[in-house]
Amino acid sequence: MSEMVRVRFAPSPTGSLHLGNVRTALYNWLYARHTRGVFLLRVEDTDKERSSEAHCEELMDILAWLGLKWDEGPRVGGPYAPYKQSERTAVYGEHLARLKAQKLVYPCYCSEEELELERKRQLGRGHMPKYGGKCRKLAPEECRQLDDAGRTSVLRFIVPSGEIMVQDEVRGEVLFPSDQIGDFVLTRSDGSPTYNFTVVVDDALMKVTHVIRGEDHLSNTPKQILLYQALGYAPPKWAHLSIIKGPDGQKLSKRHGETSVESYKSKGYLPEAFLNYLALLGWAPKSGEILSLDQMAAEFDLTHVGKSGAIFDPVKLHWMGTQYVARMPLDELTRAVLPYLEDARLFNREQARARFDWLKQVVETVRTNLGCFSDIAKETFYFFSDELHFEPAQSEEMLNQKPLLEAYQKGLASLEDFSGDNFLKAVKEVGKQMGVKGKALYHPLRLALTGREDGPELVKIAPLLGKSKVLDRIALWTVEQAPK
Ligand code: GLU
């Protein structure tokens, strides 16, 4: 029997989780579920300056909101605890001692300025920058003198010559000549261990079988393989996921819109819809595009993860959102959008209690346009607010259509029962009377009632607005002094 799959998501709590992080978490989670393996969460917080407890809590809250439960990690514990690197200092110390004993590390006293100069020189000559190994040649006595003089140092790992082959589950074989890799840093000048070192120690001790992470880490993998060899551990399998790009083909960044998951949460995306969309960024399930987490887990496999860059398309995410909103029972959807109406100061809880059926009908008219709950405000504001905004061309159109609007005013004022059917009859009657049909008949009325070019059918909107609001809104354009 093959060994049980153990995968991990290993975020650094240095900021908000972005889309790429969460796709990595999701693929790990799906792979664990698919193989009935273990998904663990490890917090990589060795960079004390940039990490914070608040970010750590926030990222766990986001994963919990998404429903990506971890089997081992902070909050839940597990056999390889602790799962926060800041609490694992002793383990790194032991491993460092092993590397020291094997004489595989040396102190480096080069200053930032020296290193920067070396980098610039190499780049200037068209070489890949790497540490040239100056301090590798220092004798123990020289090191002692530098230490005594109060010079700070970092510890570097001696990269042996040869080639390192990364056998990647997504990208196939990737070869790295080790002369492209300079001796890399294992501990900083304050003694704290670096990412490449801690990640190997932890993945090895936590028995991680598959490292699934972003392609931006591919260049770290040969260094990590060298450390596995030096420490006598068997390396895991590797799978590097292509970088998510914006619609212009460039690496996804703020320029392309919101990239933090928190922002999609606060917009009111359903986590299932959000994850469904993210799952498709690099994986093409055979059974169609809309899948629950369980369906995804049943189908997910690394062999079907693509190598080419995935494009993040906010329009498609929105579409995915509408697919999930469409399935929500109306009562539940109405309750879900209410906080967003409150935030926009359009409607409050008390009003909703008194007019819940009315509110439900309002929500029903626009539900197919809702990709996320916060869309409710822009889709329905005219039901709640009389402060409609008109573009100059729209005002002009309505002022030019004053006779038509006056005919509406008359026709609709005489209705006793302001039902959709009666409203429609009255509108048609006005059309006949004035000799207008189609868009010319409806458009000025739509503008007057909603201030919008599009939206649900007027026959649905008008009864929900009610007779007096409808007449008031038309009257704005028929009285002597029409607004500008
Ligand atoms: N802490 C690293 C990051 O957030 C983890 C990389 C890895 O998965 O090895 O990028």
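Enter the Cα centre distance for the pair region 8-37 and region 157-216, rounded to the nearest angstrom.
19 Å
Cα convex hull of region 295-421: mean projected area in nm², to one decimal? Before the final figure, lay out each step's value.
Numbers: hull surface 53.4 nm².
The directionally averaged projection comes out at 13.4 nm².
Sequence neighbours fewer than 8 away in the same chain don't count; with that in mind, list the aspartates and glutamates whose C-alpha is under 19 Å from LYS437.
Filter leaves GLU397, GLU406, ASP421, GLU429, GLU453, ASP454, GLU457.
Return the Rg/Rh ratio of region 130-277 with Cα-based radii and a Kirkwood Rh.
Radius of gyration relative to Kirkwood radius: 1.08.
When the Kirkwood radius is taken over all Cα pairs of region 1-117, what Stokes-Einstein diffusion coefficient follows at 25 °C and 0.890 mPa s, in µm²/s?
150 µm²/s
For region 412-481, which semi-axes, largest first and in whole Å, follow from the square roots of 5 times the eigenvalues of its Cα gyration tensor?
Output for region 412-481: semi-axes of 15, 15, 14 Å.
Order of ASP375, ASP47 from fewest to most other C-beta atoms within 10 Å?
Fewest-to-most ranking of ASP375, ASP47: ASP47, ASP375.
Compute the signed sum of charges (Lys and Arg +1, Asp and Glu -1) over the other residues within less than 13 Å, Cβ to Cβ, of GLU141.
-1
For a test of the definition: using alpha carbon positions, the gyration tensor, and the 1.5 limit on a/c, classify region 255-301 as rounded, prolate or oblate.
prolate
With θ set to phi - 60°, apply the Karplus curve 6.51 cos²θ - 1.76 cosθ + 1.60 along region 324-336 and write out the HN-Hα couplings as whole Hz, x wherever there is a Gly or Pro.
Per-residue couplings from phi come out as 7, 4, 4, 8, 6, x, 4, 4, 5, 4, 4, 5, 6 Hz.
My understanding is that a pair violates if its Cα-Cα distance is over 20 Å; which of LYS360/LYS410; LYS120/LYS254; LYS251/LYS316 do that in this structure?
Over 20 Å Cα-Cα: LYS360/LYS410; LYS120/LYS254.
Under 5 Å between amide H atoms, partner at least 5 residues away or on a different chain: which partners does ILE164 have, H built in plane at 1.01 Å?
It is PHE176, SER178, by chain and number.
Using the Karplus curve 6.51 cos²θ - 1.76 cosθ + 1.60 with θ = phi - 60°, work out ³J(HN,Hα) for each residue of region 152-161 in order, rounded to whole Hz, and write x for Gly and Pro.
My calculation for region 152-161 gives 8, 9, 10, 9, 10, 8, 7, 7, x, 7 Hz in order.
With the cut-off at 1.5 for a/c, could you classify region 398-452 from its C-alpha gyration tensor as rounded, prolate or oblate?
On the way: a/c = 1.58, a/b = 1.33, b/c = 1.19.
Verdict is prolate for region 398-452.
For region 100-164, what class follows from the C-alpha gyration tensor (a ≥ b ≥ c being the square roots of its eigenvalues): rounded when a/c is under 1.5, otherwise prolate if a/b is larger than b/c, else oblate? The partial results should precede the final answer.
Details: a/c = 2.92, a/b = 1.30, b/c = 2.24.
Oblate.
List the residues whose amide H sits under 5 Å from the amide H of VAL38, counting only those 5 or more places along or on another chain, with H placed 1.01 Å from N in the peptide plane.
Result for VAL38 returns VAL5, ARG6, VAL7.
List the cysteines in the chain whose Cβ has no other cysteine Cβ under 4.7 Å from it.
CYS56, CYS110, CYS143, CYS372 - these cysteines have no disulfide-compatible partner (Cβ-Cβ under 4.7 Å) in the chain.
Over the alpha carbons of region 56-196, what is the largest minus smallest coordinate on each principal axis, giving the biggest first in Å?
Projected onto the principal axes, the Cα atoms of region 56-196 cover 52, 41, 29 Å.
With viscosity set to 0.692 mPa s and temperature to 37 °C, compute the Stokes-Einstein D of the chain, Rh being the Kirkwood radius across alpha carbon pairs; µm²/s, no decimals.
Details: Rh = 27.1 Å.
Result for D is 121 µm²/s.
How much of the DSSP bridge set in the chain is antiparallel, in percent, rounded to the nearest 5? Kindly include the intermediate steps, with their values, before the conclusion.
Values: 17 of 32 bridges.
Around 55 percent antiparallel, to the nearest 5.
Leaving out same-chain residues fewer than 8 places away, which lysines sit with a Cα under 16 Å from that of LYS378?
Excluding near neighbours in sequence, the set is LYS267.
From the mean inverse distance of alpha carbon pairs (Kirkwood) and the Cα radius of gyration, derive Rg over Rh for region 355-484.
Rg/Rh: 0.95.
Given the convex hull of the Cα atoms of region 18-79, what is a quarter of its surface area in nm²?
4.6 nm²
Note down the net charge around LEU17, summing +1 for each Lys or Arg and -1 for each Asp or Glu among other residues with Cβ under 11 Å from its Cβ. Display every interim value, and only then the final one.
Working: positive: ARG23, LYS265; negative: GLU58, ASP61, GLU262.
Neighbour charge sum, excluding LEU17 itself: -1.
At a Cα cut-off below 22 Å, give the lysines reachable from LYS207, other chains included and same-chain residues fewer than 8 away excluded.
LYS69, LYS84, LYS223, LYS237
All of the numbers you see were taken from the coordinates with simple rules; none came from a lab. Predicted model only: the values in this text are computed from it and were never measured. Glycine gets a Cβ as well: all are built from the backbone with ideal geometry, and neighbour counts include every protein chain shown.
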